[in-house]
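Notes follow once the structure below has been shown.
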Amino acid sequence: MNGETLGNVTSDDRRIIVEEGLAGRIADIVSPALEQLGYRLVRVRTSQMNGMTLQIMAERPDGTMTIEDCEAVSRGISPVLDVADPISSAYHLEVSSPGIDRPLVRRSDFELWAGHLIKLETNRLLSGRKRFRGRVLSVGDASLRLERDQPAYGEEPVVDIPFDAIGDARLVLTDDLIEASLKAEKAARKGRDTDSGEAEPLN
């Protein structure tokens, strides 16, 4: 997303930033179930909060996620997790939306939010560092081009970052991001209402 309009975004839904270990196994278990329900996985996290918490972050293909959606996902994937039984101890399942300052996990995420401020962390040194903050200028097949936000003296203002080097990436909350997110959500909801044949309420 650049400025106020949505750019052309590819339909590639494959996540390029994925979990490892237990979270990775859980992601493999729940992803097919989410797709059957009409959602897609954003991220899996486990923590020791409240004993053991499993957080499943998901969204509709249009990027929206309501409380009702979270409840539907929870009901849909709970039996799948019970059968697979990837966690040996008791745990609390938490299904959430990505939020405005969302993680970026797909190539299409970086395309969609190009021009907005992001922060990312790499799994190896690039240009002498692992943490970057800036705006995506362009997205290629295997890497993205990032314009740094306030680069240090002597640093290149623009850096190419391979997707396989990204360990974590997310949007930074700004006024422009909030405005753009609200407009995108409104457009997505309007599109769903039109598809379902519901009339838009008069203002």
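Charging the Cβ of each Asp and Glu at -1 and of each Lys and Arg at +1, and nothing else, the dipole of the chain about its Cα centre rounds to 540 debye.
Here the contact order of the chain, divided by its residue count and restricted to Cα pairs under 8 Å and six or more residues apart, works out to 22 percent.
Seen from every direction in turn and averaged, the convex hull around the alpha carbons of the chain projects onto 13.4 nm². Annotation: amide H of VAL95 within the under-5 Å range of ILE56, sequence separation 5 or more or interchain, hydrogens built in the peptide plane. According to the calculation over all Cα-Cα pairs in segment 100-193, the P(r) per 5 Å bin from zero is 3, 13, 24, 24, 16, 10, 6, 3, 1, 0, 0 %. Electrostatic tally near LYS119: other residues with Cβ closer than 15 Å to its Cβ, Lys and Arg +1, Asp and Glu -1, net +2. Equivalent-ellipsoid semi-axes for segment 38-128 (Cα gyration tensor, √(5λ), whole Å, largest first): 27, 19, 11. Here the calculated FRET efficiency for GLU20 and THR194, from their Cβ-Cβ distance with R0 = 45 Å, stands at 0.65, rounded to the nearest 0.05. Decide, for segment 137-176, between rounded, prolate and oblate: order the square roots of the alpha carbon gyration tensor eigenvalues as a ≥ b ≥ c, take rounded if a/c falls under 1.5, and otherwise choose prolate if a/b is larger than b/c, else oblate. Since a/c reaches 1.5 but b/c is at least a/b, the shape of segment 137-176 is classed as oblate.
Each value in this text was obtained by applying a stated rule to the coordinates, not by laboratory testing. Only a predicted model underlies this, so the values are computations on that prediction, with no experimental measurement involved. Using ideal geometry, Cβ is built from the backbone for each residue, glycine included, and neighbour counts are taken over all protein chains shown.
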